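Chemist: Got a structure for you, written out below as structure tokens; questions coming shortly.
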Amino acid sequence: MSDSSDVAPVRPDEQLDARVVASYLRGKLPASDRPLEILQFPGGHANLTYLLRYGDREYVLRRPPLGPVAPRAHDMVREYRALAALGPYYALAPRVYALCEDPAVIGAPFFVMERRRGIVVRRTMPDEIADDPAVRRRIGEAAIDALADLHAVPVAGTPVATLGKPEGFVARQIAGWAERWQRAKTEELSAMEDLAAWLAARIPPALDATVVHNDFKLDNMMLDRDDPGGVVAVLDWDMTTLGDPRIDVGTLLGYWPEATDPTERLAIAMQPTHLEGFPTRREIVERYAARSGRDLGAIAFFETFALFKLAVVLQQIHVRFVRGQTQDERFAGMGESVRRLADIASATRAA
């Protein structure tokens, strides 16, 4: 993860027992015989990410959010195995050190990976990055290239081939996210029901399968502190699988507001790509197609699905707040964001 300015004391309702963690990890990590200090990376919205500090040695621990989670979501075992398989082929995948599948240790499965240092772009541009359109252009292009390079990772005959079953992948994705919507919804929203039916009926013919990150966006990348136009890590691999690479391209587009978007879309933007210099969504498609050689003629379908899926993700977070499973006030207003995303996805479908 990034430097010490991005860590904070652990939130009161998300504490780990340092003695239990230290006991479990002792002997499994270099320097794990030293006293352990635990801090938290507070920026994420779902999985919980902690800094483990053993003197001058640091690691990152990841676990699912507190309370019940959707089936197959926040899968730490899957994330660990994805990183272990990708490590030899994709330099931006952090190294992993230890996996705990026993929920009795801290209340959920977790794993420990290396700490990489850099800058993460979230809702606003970090102060460390110059206010320069040329720098923002390079950041955007680096994100596109990192995705195209992930989709070039060899699959056949490598450990990567065990990460998923590509046949029927897109249909399963649509059905799975539609089911998650039904479980998590707190109100009837006809736009979401219509989108689920529209997507299920219009799945394009599949492209050759690749690794699919399944949540590829700007704040799941870490940029080089000395050269923000370079990527030093890609994070959050808990939904990694094998399937149609256009799922990832659609995800990138769905998270990518641009300056000409309606105010409703800019109001819920999760990253500052509307600023001058960042590539437009059309430029993302063109650059990815040129680097990968893939036909993206059906990309509007995948962008629509990405927006639908994002609405479900936010609803899953919101319902945890509604049910009292988290006290994080950031989640209180997400119901309105879900409604807006449904409308944006419907407009993208109609375009």
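Chemist: If the cut-off is 25 Å between C-alpha atoms, which lysines fall inside it for residue 185, apart from same-chain ones fewer than 8 positions away?
Modeler: Output for residue 185: 217, 309.
Chemist: Continuing with this model, one more query. Using a 10 Å cut-off on Cβ atoms, rank the peptides 132-144, 25-37 from the highest mean neighbour count down.
Modeler: Numbers: 132-144: 18.4, 25-37: 14.0.
Result, highest mean Cβ count within 10 Å first: 132-144, 25-37.
Chemist: Which of the aspartates and glutamates could a cross-linker bridge to residue 28, judged by Cα under 15 Å and excluding same-chain residues fewer than eight apart?
Modeler: Candidates past the 8-residue exclusion: 58, 101, 114.
Chemist: Along the charge dipole of region 4-114, pointing to its positive end and built from +1/-1 on Cβ of Lys, Arg, Asp and Glu, which listed residue (25, 15, 66) has its Cα farthest out?
Modeler: Looking along the dipole axis, the top candidate is 25.
Chemist: Using a ≥ b ≥ c from the Cα gyration tensor of the chain (square roots of the eigenvalues), is it rounded, prolate or oblate, where a/c under 1.5 gives rounded and otherwise the larger of a/b and b/c decides, a/b for prolate?
Modeler: rounded
Chemist: Moving on. Provide the net charge surrounding residue 181, with neighbours chosen by a C-beta distance below 14 Å and charges set as Lys +1, Arg +1, Asp -1, Glu -1.
Modeler: 0
Chemist: Let me ask another. Once the Cα atoms of helix 190-201 and of the chain are each reduced to a long axis, what angle between those two axes, in degrees from 0 to 90 to the nearest 10, is obtained?
Modeler: The two axes meet at around 80 degrees.
Chemist: How large is the charge dipole for region 28-183, taken about the Cα centre, if only the Cβ atoms of Lys, Arg (+1) and Asp, Glu (-1) carry charge, to the nearest 20 debye?
Modeler: Computed about the Cα centre, the dipole is about 280 debye.
Chemist: Let me ask something else about it. Based on Cβ point charges of +1 for Lys and Arg and -1 for Asp and Glu, what charge dipole magnitude is obtained for region 4-114 about its Cα centre, in debye rounded to the nearest 20? Before the final figure, lay out the partial values.
Modeler: On the way: 13 positive and 13 negative charges, 42 e Å.
The dipole magnitude comes to about 200 debye.
Chemist: About its Cα centre, what dipole magnitude does region 261-338 give when the only charges are +1 on Lys and Arg Cβ and -1 on Asp and Glu Cβ, stated in debye to the nearest 20?
Modeler: 300 debye
Chemist: Tell me the net charge near residue 327. Cut-off is 14 Å between Cβ atoms, residue 327 excluded, with +1 for each Lys or Arg and -1 for each Asp or Glu.
Modeler: 0
Chemist: To test your reading of the geometry: what angle, between 0 and 90 degrees and rounded to tens, separates the Cα axis of helix 334-350 from the longest principal axis of the chain?
Modeler: In the chain, helix 334-350 runs at an angle near 40 degrees to the longest axis.
Chemist: With the Cα gyration tensor of region 4-114 giving a ≥ b ≥ c as the square roots of its eigenvalues, does the rule (a/c under 1.5 for rounded; else a/b larger than b/c for prolate; else oblate) give rounded, prolate or oblate?
Modeler: rounded
Chemist: Please label the shape of region 187-234 as rounded, prolate or oblate, based on the square roots a ≥ b ≥ c of the eigenvalues of the alpha-carbon gyration tensor (a/c under 1.5 means rounded; beyond that, a/b larger than b/c means prolate, else oblate).
Modeler: Because a/c hits 1.5 or more and a/b fails to exceed b/c, region 187-234 counts as oblate.
Chemist: What do you get for GluC sites (Glu not before Pro) in region 184-214 restricted to DSSP loop and a cutoff of at most 16 other Cβ within 10 Å of the site's Cβ?
Modeler: Those satisfying the criteria are 187, 188.
Chemist: Right, another one. On a 0 to 90° scale, report how tilted helix 281-292 is relative to the longest principal axis of the chain, with both axes built from alpha carbons and the result rounded to the nearest 10.
Modeler: The angle comes out at about 70 degrees.
Chemist: Using alpha-carbon pairs under 8 Å, 6+ residues apart, how would you state the relative contact order of the chain in percent? Display every interim value, and only then the final one.
Modeler: Numbers: 611 pairs, mean separation 63.6, N = 351.
About 18 percent, as a whole number.
Chemist: Please give the Cα centre distance for region 268-343 versus region 103-152, rounded to the nearest Å.
Modeler: 16 Å
FYI, it's all coordinate maths here, none of it is from the lab. Just so it is clear, the structure is predicted and the values come from calculations on it, not from any experiment. As a convention, Cβ positions derive from the backbone with ideal geometry for all residues, glycine included, and neighbour counts pool all protein chains shown.
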